[in-house]
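I have placed the structure first, in the form of structure tokens, so that the comments after it can refer back to it.
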Amino acid sequence: MKLFSLFKQELAIDLGTANTLIIQDGVVVVDEPSIVAYNRRSEETIAVGRKAMQMHEKTHEEIKTIRPLKDGVIADFKAAENMIEGMIRMIGRKRRFFTHLKMVICIPSGITEVEKRAVFDSADHVDSKETYLIYEPMAAALGIGLDVEEPIGNMIIDIGGGTTEIAVIALSGIVTDQSIRIAGDELTTDIMNYMKRQHNILIGERTAEQIKIHVGSALPVLEDPPADFAVNGRDLMTGIPKQIFVTYQEIAHAIDESITAIEEAVLRALEATPPELASDIYRTGLYLTGGGALLRGLDKRISSKTKLPVHVAEDPLRAVVRGTSAALADTDRYMPILIPRGSV
Ligand code: ADP
Ligand code: MG
């Protein structure tokens, strides 16, 4: 038994549109942005993850960067495969031929059969001997510590980079599932547009994301407001780099419409929930997870809209990978929520 476990490698992978995380033996060993950099001519992979992100929006003819997942689906198969392989290579494979590699990979629930097959194929390329997929809301629920097997309904709102997924889970299944393509990336785009419109300043995606993290807010008034944030960009009029300061109130205004769209999706999901489960949710409340859960005031805003308690998951950026890892640790028990190779 001991000898066998020496040659065992088990990986839980959260393949997110914004971030890819891997847990090995209960420890997060990879936590990188989902992005690949290529040499344009040779098509060779130059870098994956953080290193590739540093090149993003600073590339020239020789290099291009690709985010393989967009809007919760795999937009570029080959890039997705290269990314998965590159990230697994970061951890290092144990002795290749003797090692039994087992993986559970978390996928957005909107992906097609063809895309599922592509994910299985990527797993084959890294010599996985046993691969399962798990749907994101299910992994999120497990990661939050909810008992997904119980006959009790729980609503999970996962706000990632590309999609917001709202699911009701009970009895090891996804009862209702709403997915909208408004999430972190959209808020970032809102901020870029706002800066251009309001301040005549052009900023890149990464600067806009920093603004969102530092002074992003779902509410126009916060009890504990963040300090104004210095933004560097290019003046639209003069073409010269300049610096301005933005307030959280401005950002609350800039992203308000997108937040409203998320709120409306939550309301639609509640409407689509069967009454017995709705009565559970009235008691248990809503669980917010994914990077978007960190947006200031979002819990309060959704709570006042729905009149329901809203809980923010602990470490929301890692809830999904933790849940994936929990499923991996006990694949027999969680077989009802796992998708095995043969089923697609
Ligand atoms: P995915 O599962 O799609 O990879 P994540 O759950 O990793 O997405 O969340 C990534 C998103 O969360 C990004 O759009 C990122 O900008 C956003 N995000 C991260 N931290 C914060 C924060 N403090 N406030 C608002 N948004 C955040
Ligand atoms: Mg995610």
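Quick one: is His214 on the phi < 0 side of the Ramachandran plot, away from ligand 1 (no atom under 16 Å from the Cβ) and either touching a helix residue (DSSP H, G or I) at 6+ places or on another chain (Cβ under 9 Å) or at pLDDT 95 or above (or both)?
No: the conditions fail for His214.
May I ask you to list the residues in region 176-235 that are more than 16 Å from ligand 2 (Cβ to nearest atom) and among the small types (Gly, Ala, Ser)?
Within region 176-235, Gly204, Ala208, Gly216, Ser217, Ala218, Ala227, Ala230, Gly233 meet the criteria.
List pairs: first residue in region 9-37 and at pLDDT 95 or above and of a type in the set (Ser, Thr, Tyr), second residue open to solvent by less than 10 Å² (accessible area, probe 1.4 Å) and away from ligand 2 (no atom under 12 Å from the Cβ) anywhere in the structure, Cβ distance under 6 angstrom, at least six positions apart or on different chains.
Close Cβ pairs (under 6 Å, with a partner that is open to solvent by less than 10 Å² (accessible area, probe 1.4 Å) and away from ligand 2 (no atom under 12 Å from the Cβ)) amount to Thr20/Met87.
Look at Gly72 and say whether it is within 16 Å of ligand 2 (Cβ to nearest atom) and at pLDDT 90 or above.
Answer is no for this residue.
Restricting the search to region 237-260, which residues are among the hydrophobic types (A, V, I, L, M, F, W, C) and either in contact with a helix residue (DSSP H, G or I) (Cβ under 7 Å, 6 or more places away or on another chain) or surrounded by 16 or more Cβ atoms within 10 Å (Cβ to Cβ) (or both)?
Ile244, Val246, Ile251, Ala252, Ala254, Ile255, Ile259
Can you name the number of the only condition in (1) within 16 Å of ligand 1 (Cβ to nearest atom); (2) hydrophobic (A, V, I, L, M, F, W, C); (3) crowded, with 17+ Cβ neighbours inside 10 Å; (4) touching a residue at least 24 places away in the same chain (Cβ under 8 Å) that Ala52 fails?
(4)
Take Lys300 and tell me if it is open to solvent by 60 Å² or more (accessible area, probe 1.4 Å), part of a helix (DSSP H, G or I), more than 11 Å from ligand 1 (Cβ to nearest atom) and touching a strand residue (DSSP E or B) at 6+ places or on another chain (Cβ under 9 Å).
Yes, satisfied.
Of all residues being part of a helix (DSSP H, G or I) and within 16 Å of ligand 2 (Cβ to nearest atom) in region 305-326, which is surrounded by the fewest Cβ atoms within 10 Å (Cβ to Cβ)? Just the residue, please.
Ala326
Could you look through region 15-46, keep only residues that are assigned to a strand (DSSP E or B), of a type outside the set (S, T, N, Q) and open to solvent by less than 10 Å² (accessible area, probe 1.4 Å), and pick out the one that is farthest from ligand 1 (Cβ to nearest atom)?
The qualifying residue farthest from ligand 1 (Cβ to nearest atom) is Tyr38.
Mind checking which residues of region 181-202 are buried (at least 19 other Cβ atoms within 10 Å of the Cβ) and in contact with a Ser or Thr (Cβ under 6 Å, 6 or more places away or on another chain)?
Ile182, Ala183, Glu186, Leu187, Asp190
Right, Ala80: in a helix (DSSP H, G or I) and either within 16 Å of ligand 2 (Cβ to nearest atom) or hydroxyl-bearing (Ser, Thr, Tyr) (or both) or not?
So Ala80 fits the description; yes.
Could you list, in sequence order, the residues of region 151-168 that are within 12 Å of ligand 1 (Cβ to nearest atom), part of a loop (DSSP other than H, G, I, E, B) and of a type outside the set (Gly, Ala, Ser)?
Across region 151-168, the qualifying residue is only Thr163.
Looking at Glu257, Glu263, Glu250 in this structure, which one is more than 23 Å from the chain's Cα centre (by Cα), among the charged types (D, E, K, R) and modelled with pLDDT of 95 or more?
None of the other options fit; the residue is Glu250.
State which residue pairs qualify: first residue more than 11 Å from Ile144 (Cα to Cα) and inside region 306-330, second residue surrounded by fewer than 23 Cβ atoms within 10 Å (Cβ to Cβ) and aromatic (Phe, Trp, Tyr) in any location, beta carbons under 6 Å apart, and separation of 6 or more residues or different chains.
Ala327/Tyr334
The values are calculated or read from the model by the stated rules, or taken from the named source; none is laboratory data. All values derive from a computational prediction rather than experimental measurement. Counting neighbours? That spans all protein chains shown, and the Cβs are built from the backbone with ideal geometry, glycine included. What goes into the accessible areas is simple: the full protein's heavy atoms, side chains included, and nothing from ligands, DNA or RNA. Shrake-Rupley method; radii C 1.70, N 1.55, O 1.52, S 1.80 Å.
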